[in-house]
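Here's the structure, in structure tokens; my notes come after.
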Amino acid sequence: MAESASTPTRAVWALLALTGLVAVVVVARFVVGGVEALSDGAIRSIRLTRIMSGAVVGASLAVGGVFLQVLVRNPLASPDLLGLASGAGLAVTASIYAGAAGLGAGGLWAAGFCTGAAALGASAALALTYSLARRRGMLDPVLLVLTGVAVGMICAAGTMLLRQLMPIQLAAAAERALLGSLREDVSAMELGIAAVIVACGAAIGCLRGDTLDAVTLSEDEAASVGVNVAVVQRALFIGAGLLTAGAVVLAGPIAFVGLMCPHAARALVGPHHRWVTPASALLGAAIIVGADAFVRAINLPSGRLPIGVLTAVAGAPVFIYLLRRQAHGAIDRE
């Protein structure tokens, strides 16, 4: 009883601390580049847009990682490792390419179809990964990750091929589908759509946390407490696709945020998803906004370092550790 009573208190304090962390990185992102420049309204607007984009991208990837880990019951699941990010990037690039042919330069991008295309691409990649990773009707955790990596590589290769076929004037737009970097020209509509998606996803995770907890159990156990597993899995499938799509449209594929944040959140607030979801969202927002401040503070001759480079450097060791731990656990069970 004491443990159950202390869990919400611990989670609340952790969420307050994470909120403070987000506030700190937001201030850091505003300040980096010079405080005196903030007197210029245009510069303030640019920095505010990047902060909002970074927060939405980080939260989207983190909540998407939570949904995927519940959906496939695998702690190694994330939008990038299961091929969703690359699938969304391929769909965005294909929409830009089709727009150049049918609607003029950047036609489909300007018309706002990229979010829908990215959602379809992410969902198709997840469906392909999920179907190929099943063996004898069961989902193999290690095979799932390997299949996701393979699907992601295929989608990335398709993206590069389409980029080479594009007119030069569209190369910059297509580059976003290859590099994890916040866009400078994000529109209010794109940012608003992505923000609504992540707000809805986080709200669902908080309000239906008990349902997500049940789905992580076996299907029989979940059904015994009144959970319609098939309906919840379909909702998680759609939600993960939409969240990944919003993040990719704003910043391209950024690796390992969806993997790291849910694990860190569980260490801070415990295993219950009503707390894990908002904690993951706050962590994701802090990571991307903080990474954007960091790369802005570094002056490189070739230009600004992509955020995806930082997240890959930080996330790859975490992934290797989790993969080895799961592999050792499987050996011990045998």
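The values are calculated or read from the model by the stated rules, or taken from the named source; none is laboratory data. Treat the numbers as computed from the prediction; the structure is a model and nothing was measured. Virtual Cβ from ideal backbone geometry, glycine too; neighbours counted across all protein chains shown.
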*Here are some residues: Val248, Val229. Which one is touching a residue at least 12 places away in the same chain (Cβ under 8 Å) and in contact with an Asp or Glu (Cβ under 6 Å, 6 or more places away or on another chain)?*
Val229
*Give the residues of segment 131-146 that are of a type outside the set (D, E, K, R) and either free of Cβ contacts under 8 Å to residues at least 24 places away in the same chain or outside any helix (DSSP H, G or I) (or both), sorted by residue number.*
Ser131, Leu132, Ala133, Gly137, Met138, Leu139, Leu143, Leu146
*Do you know which of the residues in segment 77-120 that are modelled with pLDDT of 85 or more and outside any helix (DSSP H, G or I) is surrounded by the most Cβ atoms within 10 Å (Cβ to Cβ)?*
Pro79
_Unique match (being at pLDDT 85 or above, under 30 Å from Arg73 (Cβ atoms), touching a helix residue (DSSP H, G or I) at 6+ places or on another chain (Cβ under 6 Å) and of a type in the set (S, T, N, Q)) among Ser123, Ser131_ = Ser123
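Results for (1) closer than 23 Å to Gly252 by Cβ; (2) within 15 Å of the chain's Cα centre (by Cα), shown as yes or no for each residue.
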site	(1), (2)
Thr19	no, no
Val22	yes, no
Gly33	yes, no
Ser39	no, no
Ser45	yes, no
Leu48	yes, no
Ala55	yes, yes
Ala62	yes, yes
*State which residue is surrounded by the most Cβ atoms within 10 Å (Cβ to Cβ) when the search covers only segment 251-301 and only residues that are in contact with a Lys or Arg (Cβ under 9 Å, 6 or more places away or on another chain) and free of Cβ contacts under 8 Å to residues at least 24 places away in the same chain.*
Val295
*Looking only at segment 180-203, decide whether some residue is free of Cβ contacts under 8 Å to residues at least 60 places away in the same chain, crowded, with 18+ Cβ neighbours inside 10 Å and either within 18 Å of the chain's Cα centre (by Cα) or assigned to a loop (DSSP other than H, G, I, E, B) (or both).*
no
_Quick test for you: out of Arg10, Arg73, pick the one residue that is surrounded by fewer than 21 Cβ atoms within 10 Å (Cβ to Cβ), closer than 26 Å to Leu236 by Cα and among the basic types (Lys, Arg)._
Arg73
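With the structure loaded, tell me whether Ala214 is at pLDDT 85 or above, in a helix (DSSP H, G or I), closer than 21 Å to Gly58 by Cβ and among the hydrophobic types (A, V, I, L, M, F, W, C) or whether it fails that test.
Working: at pLDDT 85 or above: yes; in a helix (DSSP H, G or I): yes; closer than 21 Å to Gly58 by Cβ: no; among the hydrophobic types (A, V, I, L, M, F, W, C): yes.
Here the answer is no, as Ala214 does not meet what is asked.
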_Checking the conditions here, which among Arg29, Arg44 is closer than 19 Å to Ala291 by Cβ and not hydrophobic (A, V, I, L, M, F, W, C)?_
Arg29
*asked:* Quick test of your reading of the structure: Pro253 fulfils all but one of (1) part of a helix (DSSP H, G or I); (2) modelled with pLDDT under 90; (3) of a type outside the set (Lys, Arg); (4) under 12 Å from the mean Cα position of the chain (by Cα). Name the failing condition by number.
replied: (1)
*asked:* So, Leu243, is that one farther than 24 Å from Leu191 by Cβ and in a helix (DSSP H, G or I) or not?
replied: no
*Tell me, please, whether a residue that is in contact (Cβ under 8 Å) with a residue 24 or more places away in the chain, aliphatic (A, V, I, L, M) and surrounded by fewer than 14 Cβ atoms within 10 Å (Cβ to Cβ) can be found in segment 167-179.*
no
*Taking only segment 1-42 into account, find how many residues are of a type in the set (Val, Ile, Thr), modelled with pLDDT of 85 or more and within 23 Å of Leu182 (Cα to Cα).*
8
